[in-house]
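Structure, as structure tokens:
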Amino acid sequence: MYNYHTAGRIQEFELHGKGASAFISLGFGGSECKGRILRASPPGSASTKPDITEFDGPALAGSGRFEDYYGFRDENRNFLDRILSQGDKGDPERSAEDCATMELCETILAARIP
């Protein structure tokens, strides 16, 4: 849980599946985006230690800009490209969702307190 009026937010995720687990940290009020993937040793392997892969979000994104490594830049770009290229054409259900999103954005901006 978070609030943009506070000093920061913590977003940490764990994903677990057969033979592997991922631990992802999306930051504590700043420019952190990193994770680790632990894979079980292959059955019959002499090793009992998991194989650990560490990754860094900015390095994967090739950019230290928050909107690049945090993931929403591509979502926003896709949304804007659909609006600009398709307008009210294309998938009617998707177009209706896009228009509703734009109306919500306009309402929020109109009500914004300076």
Quiz item: Scanning for something among the hydrophobic types (A, V, I, L, M, F, W, C), assigned to a strand (DSSP E or B) and at pLDDT 85 or above, does segment 49-67 turn up at least one residue?
Solution: yes
Quiz item: Before we move on, is Leu38 modelled with pLDDT of 85 or more, assigned to a strand (DSSP E or B) and more than 17 Å from Gly71 (Cβ to Cβ)?
Solution: yes
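The values are calculated or read from the model by the stated rules, or taken from the named source; none is laboratory data. Computed from a predicted model, the values in this text were never measured in an experiment. Positions of Cβ are backbone-derived with ideal geometry, glycine not excepted, and every protein chain shown enters the neighbour counts.
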